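Peer 1: This is the structure I have questions about; it appears just below.
The values are calculated or read from the model by the stated rules, or taken from the named source; none is laboratory data. Just so you know, these numbers come straight off a predicted model, no measurement behind them. We place every Cβ from the backbone using ideal geometry, glycine too, and count neighbours over all the protein chains shown. The protein model used for the area step is the full one, side chains on, heavy atoms only, and it has no ligands, DNA or RNA in it. Shrake-Rupley method; radii C 1.70, N 1.55, O 1.52, S 1.80 Å.
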Amino acid sequence: ILFVIDGSTSMGAAYGDDGSRWNAVRSALIDADGGIIKSIERDVSVGVAFYSVIRNSGPCPRVVETPIALNNHATIAASYTADQYEFAGGTPTGESLDRILGRQQDGGFTDAGFARLTTPGPKIIVLATDGNPDTCADKDDTVGGMAHSLRAVTAAMGEGVKTFVISVGTQVAAAHLQELANAGVGRAPDAGGDAAAPYYTATDKQQFIDAINTIVYGARSCVVTLSGTVKAGQEDKGQLLLNGTARTYGDPNGWRLLPSRREIELLGTSCAEYKTSEGNLAVSFPCGTVDIF
């Protein structure tokens, strides 16, 4: 998961009772007690990228990235300073996403970007922004900025990178958020009704935390790889605990072993709970029933 954080001037604005928007987002992500990155760093490779533009000074967009890695909380926290980062005017979201993804002007991708990074699991961008995008060429070009952002998110999905978007406050146009949300998971940008993908608008820190948890937990697969191969006839010898509660093998709301014999699948309400909670999962088999690899 790569968290892409808007560093524009407006991120310094007041945000409910939580100080600035910047500090509320920072706290939700990196607090040692309760921050999402600390809670998932052992199981998920995580990174952050901050983006902004310094008009008439230096390259645009300005992107500073902490690459994804396991157990990355301390490194991210050291780079994620309080109070302000690059509060510097505009919001070149599309061009910043291109830089992060490694997307070139001709539409191709470099091997150095996030889009072509080899990972053991799916790749996800969580975009947190508080304003309509503009462009490096024109801080008032929101139409061009929106179009570029949509192209970048669509191209990312074409490379297998999903994008989820959170509006930090209510200043981002709802129609633009909906287009990004749809394109970010491979749906038509103008999809509506039941076909529309969810996007998130957070007006305080708790709503932001709720949105992050929904995205991160919901992105989990209910298929989990074991560290060994279960021997034939030993399937029902296993014990699975989800959030401390035993689940029944073969039950429609429990779990099953897949034909590879190296993967289990959570089913029904167990799958739903895994994707909507912290999802502490423990699976064990007796000695002699699994070939360890």
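Peer 1: Expressed as a whole number of Å, what is the distance separating the alpha-carbon centroids of the stretch 1-68 and the stretch 121-155?
Peer 2: 16 Å
Peer 1: Then there is this: Quick one: grab the alpha carbon gyration tensor of the stretch 19-73, order the square roots of its eigenvalues as a ≥ b ≥ c, and give me rounded if a/c is under 1.5, else prolate or oblate depending on whether a/b is larger than b/c.
Peer 2: In terms of gyration-tensor shape, oblate.
Peer 1: Under a Cβ-Cβ cut-off of 13 Å, what is the net charge of the residues other than Phe114 that fall near it, where Lys and Arg count +1 and Asp and Glu count -1?
Peer 2: Once positives and negatives cancel, what remains is +1.
Peer 1: May I pose another question? Residues of the chain: accessible area per residue at 1.4 Å, in Å²?
Peer 2: The answer is 46 Å² per residue.
Peer 1: How do the peptides 163-172, 38-47 rank, highest first, by the average count of neighbouring beta carbon atoms within 10 Å per residue?
Peer 2: Output ranking for 163-172, 38-47: 163-172, 38-47.
Peer 1: Further question: Show the residues, 5+ positions off or on another chain, whose built amide H is closer than 5 Å to the amide H of Ile125.
Peer 2: The list, which skips near neighbours in sequence, is Leu2, Lys162, Thr163, Phe164.
Peer 1: Specify which labelled value, from [x] 42; [y] 35; [z] 45, agrees with percent of Cα pairs over 28 Å apart derived from the coordinates of the model shown.
Peer 2: After the calculation, the listed value that fits is [x].
Peer 1: Let me ask something else about it. Would you mind classifying the stretch 136-193 by shape? Square roots of the alpha carbon gyration tensor eigenvalues, ordered a ≥ b ≥ c; an a/c under 1.5 is rounded, otherwise it is prolate if a/b is larger than b/c and oblate if not.
Peer 2: Note, shape of the stretch 136-193 comes out oblate.
Peer 1: Okay, next question. State the three equivalent ellipsoid semi-axes of the stretch 156-220, derived from the C-alpha gyration tensor as the square roots of 5 times its eigenvalues, in descending order and whole Å.
Peer 2: Taking √(5λ) for each Cα gyration eigenvalue gives 19, 15, 10 Å.
Peer 1: What is the magnitude of the charge dipole of the chain about its Cα centre, with +1 placed on the Cβ of each Lys and Arg, -1 on the Cβ of each Asp and Glu, and no other charges, expressed in debye to the nearest 20?
Peer 2: Rounded to the nearest 20 debye, it is 740 debye.
Peer 1: Also: Using θ = phi - 60° and the Karplus curve 6.51 cos²θ - 1.76 cosθ + 1.60, what whole-Hz ³J(HN,Hα) does each residue of the stretch 217-226 get, with Gly and Pro shown as x?
Peer 2: Values, residue by residue: 5, x, 7, 5, 8, 7, 9, 10, 8, 8 Hz.
Peer 1: Give the peptides 228-236, 126-134, 12-20 in descending order of average Cβ contacts within 10 Å, highest first.
Peer 2: Top of the packing list down: 126-134, 12-20, 228-236.
Peer 1: Go through the cysteines of the chain and tell me which have no other cysteine Cβ under 4.7 Å away.
Peer 2: Cys287
Peer 1: Roughly to the nearest percent, how much of the accessible area of the stretch 83-187 is carbon and sulfur, given a 1.4 Å probe?
Peer 2: Carbon with sulfur: 49 percent of the solvent-accessible area.
Peer 1: What net charge do the residues around Leu97 carry, taking every other residue with its C-beta under 10 Å from that of Leu97, with Lys and Arg at +1 and Asp and Glu at -1?
Peer 2: It works out to a net charge of +1.
Peer 1: Something else now. For the pairs Lys162/Lys275; Lys123/Lys205; Lys38/Lys123; Lys38/Lys275; Lys123/Lys275, flag any whose C-alpha to C-alpha distance is greater than 23 Å.
Peer 2: Listed pairs above 23 Å: Lys123/Lys205.
Peer 1: Also, quick follow-up: Out of the total accessible area of the stretch 1-64 (probe 1.4 Å, heavy atoms of protein only), what percent is carbon and sulfur?
Peer 2: Answer for the stretch 1-64: carbon and sulfur cover 44 percent of the accessible area.
Peer 1: When the chain is treated as a GNM, springs tying every alpha-carbon pair under 10 Å, which of Asp98, Asp31, Asp194 comes out with the largest mean-square fluctuation?
Peer 2: Looking only at Asp98, Asp31, Asp194, the largest GNM fluctuation is found for Asp194.
Peer 1: Further question on the same structure: Once you list every other residue whose beta carbon is under 15 Å from the beta carbon of Ser167, what net charge do they have if Lys and Arg are +1 and Asp and Glu are -1?
Peer 2: Value of the local net charge: -3.
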